[in-house]
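Asker: Below is a structure I'd like to ask you about.
The values are calculated or read from the model by the stated rules, or taken from the named source; none is laboratory data. Fair warning: this is a prediction, and the values are worked out from it, not measured in the lab. Methodologically, a virtual Cβ is constructed for each residue, glycine included, from the backbone with ideal geometry; neighbour enumeration extends over all protein chains shown. Just so you know, the surface numbers come from the protein's heavy atoms only, side chains and all, with ligands and any DNA or RNA stripped out. Shrake-Rupley method; radii C 1.70, N 1.55, O 1.52, S 1.80 Å.
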Amino acid sequence: MGVTQAEFRNAMGSFATGVTVITVDYEGEVHGMTANAFSSVSLDPLLVLVCVDHRARTHTHLHTRKRFGVNVLAENQQVISEYYARPSPTYEHAEREAGARFDRTEHGTPVLHGALAYLECRLHTAQDAGDHTIFIAEVEDVVVREGDPLLYFRAEYRKIATNA
């Protein structure tokens, strides 16, 4: 008995995740993609992973630059997530269309304003896995801010409910 892609997607949608935007500087421009296939891997050394579809433009940029940022989105950044989830040859309208503004680290990696957390990463290894690549990266810097995360569950954005 086989499992269909639709059944698999439905089952995976039952796993609530946070939402990130992976950012990379490529030829002086900020490129990015929304990703929820992100996880910690190791505390010694500090490693994380992100899974990226082979067809994503960011896939090539991660291989080329070998340095990227992981921006954990705050609950008020859904529009930014939606913007970076769209396939686009450039993201030159990110600020105007989604309110996404960036600073740069000393290595030139884009850091999203208002993100709940930011991790600056240097590529450690990459492993093909089906139609995706698993990028494992060493974390070189982190910034953490107060606030609540943007969540994704059963194909919808969610927020943490507060009990009164």
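Asker: Would you be able to say whether some residue in the range 27-42 is among the aromatic types (Phe, Trp, Tyr), within 23 Å of ARG154 (Cα to Cα) and open to solvent by less than 50 Å² (accessible area, probe 1.4 Å)?
Answerer: If we filter the range 27-42 for residues that are among the aromatic types (Phe, Trp, Tyr), which is where we start, we get 38.
Next, from what is left, pick out any that are within 23 Å of ARG154 (Cα to Cα): 38.
Checking which are open to solvent by less than 50 Å² (accessible area, probe 1.4 Å) leaves us with none.
No - not one qualifying residue is present in the range 27-42.
Asker: Also, I was wondering about something else. Would you kindly identify the helices (runs of 4 or more DSSP H) lying entirely within the range 1-106 that contain at least 1 residues that are over 18 Å from ARG122 (Cα atoms) and touching a Ser or Thr at 6+ places or on another chain (Cβ under 6 Å)?
Answerer: Per the criteria, 78-85.
Asker: Let me ask another. Regarding GLU146, is this residue open to solvent by 40 Å² or more (accessible area, probe 1.4 Å) and either over 24 Å from SER14 (Cα atoms) or β-branched (Val, Ile, Thr) (or both)?
Answerer: yes
Asker: In addition: Considering the range 142-158 alone, what residues qualify as being more than 16 Å from THR20 (Cβ to Cβ) and either part of a strand (DSSP E or B) or touching a residue at least 24 places away in the same chain (Cβ under 8 Å) (or both)?
Answerer: Of the range 142-158, the ones more than 16 Å from THR20 (Cβ to Cβ) are 146, 154-156.
Those that are more than 16 Å from THR20 (Cβ to Cβ) and either part of a strand (DSSP E or B) or touching a residue at least 24 places away in the same chain (Cβ under 8 Å) (or both): ARG154, ALA155, GLU156.
Asker: Say whether the condition of being more than 20 Å from ALA115 (Cα to Cα) and among the β-branched types (Val, Ile, Thr) is met by at least one residue in the range 62-73.
Answerer: Yes - at least one qualifying residue is present in the range 62-73.
Asker: Can I ask one more? Can you tell me how many residues in the range 41-59 are in contact (Cβ under 8 Å) with a residue 40 or more places away in the chain and within 17 Å of THR23 (Cβ to Cβ)?
Answerer: Number satisfying all stated conditions: 7.
Asker: Shifting gears a bit: When both residues are 6+ apart or on different chains and their Cβ atoms are under 9 Å apart, which pairs have a first residue that lies in the range 62-80 and is closer than 17 Å to ASP103 by Cα and at pLDDT 95 or above, and a second that is assigned to a helix (DSSP H, G or I) and β-branched (Val, Ile, Thr)?
Answerer: Listed by first residue and then by second, the contacts come to PHE68/THR58; ASN71/ILE80; LEU73/ILE80.
Asker: Continuing with the same structure: Would you point out the residue of the range 101-134, among those that are charged (D, E, K, R) and surrounded by fewer than 14 Cβ atoms within 10 Å (Cβ to Cβ), that is farthest from the chain's Cα centre (by Cα)? Quick ask: steps written out before the conclusion?
Answerer: Taking the range 101-134 as the starting set, the residues that turn out to be charged (D, E, K, R) are 101, 103-104, 106, 120, 122, 128, 131.
Filter once more, keeping what is surrounded by fewer than 14 Cβ atoms within 10 Å (Cβ to Cβ): 103-104, 106, 128, 131.
Numbers: ASP103: 17, ARG104: 17, GLU106: 20, ASP128: 18, ASP131: 17 Å.
The selected residue is GLU106.
Asker: Just one of VAL79, VAL50, VAL21 is open to solvent by 40 Å² or more (accessible area, probe 1.4 Å) and aliphatic (A, V, I, L, M); which is it? Full working, then the answer.
Answerer: Details: VAL50 fails: open to solvent by 40 Å² or more (accessible area, probe 1.4 Å); VAL21 fails: open to solvent by 40 Å² or more (accessible area, probe 1.4 Å).
So the residue among VAL79, VAL50, VAL21 that is open to solvent by 40 Å² or more (accessible area, probe 1.4 Å) and aliphatic (A, V, I, L, M) is VAL79.
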